[in-house]
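A short worksheet on the structure shown next.
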Amino acid sequence: MRVVIAGGHGKIALILERLLADDGHDPVALIRNPAHAADVEAAGAAAVVLDLEAASVDEVAAVLAGADAVVFAAGAGPGSTAERKLTVDRDGAILLADAAKVAGVPRIVVISAMRADDFDAASDDVFQIYLRAKSEADAAVRASGLDFTIVRPGALTDTPATGFVVADTTLPRGSISRADVAATVAAVLTTGAASRRQFELTEGGLPIAGALAALPDPA
């Protein structure tokens, strides 16, 4: 399976690339900085330099041609401006979905954020704008017609993977390792689980496969 990952140098993306490569798949990492190519190649992915903030739909679609799925794992990152939360976290995800449709890629997985829909629309706080960006991107992906899965993890940690998670439409606030998020996304991609579902994700509970199988049916 060829999987194109936007934000290919991110912490979750690098783990996901290794998981996919070790399982015999063909991950492709979209990166903005050419200096990051060696890192993604070491994780088992092919590197493609592409800036989602500057690229057109057709330019992204050309890279996606022949892919079985795309993953949006990009983000403006800590310390970035409110404007870049919108241009990367929102507009980048929408661009990737639009390009997937043009390229005929049927499947998209988005790494979003817990409680993204609870943003304060009147606030100019950067975190509230980040949540707004995620919420608006998720809504666009749900309406795209693609076979989507939107994963909304809790607070991210760098602890080792446990393989045990809790997944549901809404959950109490909690944390989860980036490694377990990556493993969940890998499971979604390789098994087809959680098709047309959006769910929150924290640590503990069930093995990943069991947690995905227990998700409620889409509305």
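The values are calculated or read from the model by the stated rules, or taken from the named source; none is laboratory data. This one's a predicted model, so the numbers in the text were calculated from it and none came from an experiment. Methodologically, a virtual Cβ is constructed for each residue, glycine included, from the backbone with ideal geometry; neighbour enumeration extends over all protein chains shown. Accessible surface areas use protein heavy atoms only, side chains included; no ligands, DNA or RNA. Shrake-Rupley method; radii C 1.70, N 1.55, O 1.52, S 1.80 Å.
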Worksheet entry | Carbon plus sulfur fraction of accessible area for segment 116-208, probe 1.4 Å, in percent | 55
Worksheet item: Size of segment 55-122 along its principal axes in angstrom, Cα-based, largest extent first?
Response: 40, 22, 20
Discussion item. How charged is the neighbourhood of Arg90? Take every other residue with its Cβ under 12 Å from the Cβ of Arg90, and add Lys/Arg as +1 and Asp/Glu as -1.
Written reply: -2
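With the cut-off at 1.5 for a/c, could you classify segment 19-169 from its C-alpha gyration tensor as rounded, prolate or oblate?
rounded
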Worksheet item: So how much slack lies between Ala213 and Asp26, counting 0.36 nm per residue of separation and subtracting their Cα-Cα distance, in nm?
Response: 64.8 nm
Fill in: Mean separation of Cα contacts under 8 Å, 6 or more apart, over the residue count of segment 137-219: relative contact order %
38
Response to the item:
Mean accessible area per residue over segment 1-135 (1.4 angstrom probe, all protein chains present, square angstrom) is 42
Response to the item:
So, over other residues within a Cβ distance under 14 Å of Arg197, counting Lys, Arg +1 and Asp, Glu -1, the net charge is -1
Worksheet entry | Hull volume in cubic angstrom per residue (convex hull over the Cα atoms of segment 1-76) | 74
Worksheet, complete the sentence: Rounded to the nearest 500, the 222 nm mean residue ellipticity computed for the chain from DSSP H runs (n ≥ 4, each -39500 (n - 2.57)) alone is -10500 deg cm²/dmol
Worksheet entry | Length-normalised contact order of segment 53-123 in % [C-alpha pairs under 8 Å, at least 6 apart] | 45
Discussion item. At 1.4 Å probe radius, can you tell me the per residue accessible area of segment 142-219 in Å²?
Written reply: 44
Worksheet entry | Net charge contributed by nearby residues that have their C-beta within less than 12 Å of Ala187 (K/R +1, D/E -1) | -2
Worksheet item: For the chain, what is the relative contact order in percent, using Cα pairs closer than 8 Å and at least 6 residues apart in sequence?
Response: 17
